[in-house]
Amino acid sequence: MTGPHDEAGKDPAGEQRLDVVVVGGSQAGLAMAWHLAQQGLRFVVLEAGPELGHVWRSRWDSLKLFTPAQYDALPGLAFPAPADTYPTKDPVADYLQAYATAFDLPIRLNARVIRLSKTDDGFEVQTADNIFQARQVVVATGPFQVPFVPPMASKLDPSVTQLHSADYRNPQALPDGPVLVVGGGNSGFQIAEELAATRTVDLSIATKYPMLPQRLAGRDLFWWLSRLGLLRVTVTSRVGRRMSRRDVVIGTNRKRLERAGVRFRPRLVDAEGRTVRFADHRLLEDVGVVVWATGYRPDYGWIQIPAVVREGHVVHRQGVTAVPGLYFLGLSWQHTRGSALLGFVQEDAAYVADRIARQHVATAAQAGGARQSH
């Protein structure tokens, strides 16, 4: 998929000289692109996958959003589903593709960024096939980058089938027999509940998260969260700091899983062969299948700019870094609870877009002054 800006500013060496490069073409990157298009800036969105929505399509088959359709829109285009319905993964991917088409956004597919570095007048963004020069860069790669599996997984026997929740598709794709699911977030609960319909499931939980119902008093949870202002609570506030320390499980609960036959286990502490040990010292023997719903870790090794990433975490304030012209978008709790959610990232995108516009004007004024002085 290409757009009208793709060849803008190409220099004789084949490098792309642009106002902005956006790294990542999922919801955060597309929301950013919409704002940049409104500003008339020359930009490109670099998406590592073979198609927009690739990451969404690669998730498990029964995945549903816990935000209803009326809260799933990016700026300028409503999500095409009835209110109070919960889209599955493929309609989300379809929506992202339709969004880019509707606004003729300049997308480069199969364009994984392998290096981002600072230059005298901006940034250099390198993919396997191209080098782009830009005055400003937005990193919109999201919070789900590298699936994390605990080191103890290597101690399990090779005969044990192991996969991360990122690679789980459906119960039929797993070998027959009991399954151990490790991880007590939304993914762990949803996968455990689905598997429990056809087999014995043990669910190991290291951290107990608060559990919230999908609907309360006839209204969706997000109606209440919006009405109470909890989605706009900032990470720097006292309430926000407390909320950001713990995730929540939405739409399911322990009692429902217990009724489905799921056996709850405490934190997994060790493994050997086909036996695992939990924090209560109990053993589970003859383990045949393990699904690691243990989350993701960030990967910013490709960012070759000092002081931007510290101990694996981005140093920023509402997505704005200390390096002029470098921004992040779509981080968990970048500013509020909604920062990494499909229908709420647009608020952070609008803020970053405003900063980009200001920087663009200031840079243009500087360049004009420099020309006049000569």
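What follows draws every value from the coordinates through simple rules; no lab data is involved. Here the structure is a predicted model, which is why all the values come from computation and not from measurement. Cβ placement follows ideal geometry from the backbone for every residue including glycine, while neighbour counts extend to all protein chains displayed.
For the reader, a short list of remarks on this structure follows.
- Equivalent ellipsoid semi-axes - Cα gyration tensor, the range 56-128, angstrom: 32, 16, 11
- Amide H contacts under 5 Å for ARG265, placed H, 5+ residues apart: LEU203, SER204, ILE205
- Rounded to the nearest 20 debye, the dipole magnitude of the range 266-374 is 460 debye, with +1 charges on Lys and Arg beta carbons, -1 on Asp and Glu beta carbons, and the Cα centre as origin.
- Taken about its Cα centre, the range 59-125 carries a charge dipole of roughly 260 debye when the Cβ of each Lys and Arg holds +1 and the Cβ of each Asp and Glu holds -1.
- In loop segments of the range 165-251 as defined by DSSP, the trypsin sites (Lys or Arg not before Pro) with at most 12 further C-beta atoms inside 10 Å of their C-beta are LYS208, ARG245, ARG246.
- P(r) of the range 108-164 over all Cα-Cα pairs, binned every 10 Å from zero, in whole percent: 17, 33, 19, 20, 10, 1
- Computed from the alpha carbon atoms alone, the convex hull of the range 161-237 holds 145 Å³ per residue.
- Considering only GLY49, LEU105, THR161, and ranking their Cα positions along the charge dipole of the chain that arises from unit charges at the beta-carbon of Lys, Arg, Asp and Glu, the one farthest toward the positive end is THR161.
- Local net charge near VAL345, Cβ-Cβ under 14 Å (Lys/Arg +1, Asp/Glu -1): -1
- Length-normalised contact order of the range 235-323 in % [C-alpha pairs under 8 Å, at least 6 apart]: 11 percent
- Scaled against 2.2 N^0.38 Å for its residue count N, the alpha carbon radius of gyration of the range 244-294 is 1.36.
- Straight-line cross-link reach from LYS64 at under 19 Å between alpha-carbon atoms covers these aspartates and glutamates, not counting any fewer than eight positions away in the same chain: ASP72, ASP84, ASP90, ASP94, ASP167, GLU193, GLU194, ASP220, ASP247.
- Relative contact order (%) - criterion: Cα under 8 Å, at least six apart; region: the chain: 21 percent
- Relative to the Cα centre, the charge distribution of the chain, modelled as +1 at Lys and Arg Cβ and -1 at Asp and Glu Cβ, gives a dipole magnitude of about 1520 debye.
- Computed over the chain, the alpha-carbon pair-distance distribution with 10 angstrom bins reads 5, 22, 29, 24, 14, 5, 1, 0, each value a whole percent.
- Structure-based [θ]222 nm, the chain - -39500 (n - 2.57) summed over DSSP H runs of at least 4, per residue, nearest 500: -7500 deg cm²/dmol
- The value of relative contact order for the range 132-289, using C-alpha pairs under 8 Å at least six residues apart, is 28 percent.
- You can think of it this way: the chain between THR85 and ARG256 has 59.4 nm of extra reach, that is 0.36 nm per residue less the Cα-Cα gap.
- Comparing GLN190, PRO210, GLN334 along the charge dipole axis of the chain, the residue lying farthest to the positive side is PRO210, per the Cβ-charge model.
- DSSP beta bridges confined to the chain are antiparallel in about 45 percent of cases.
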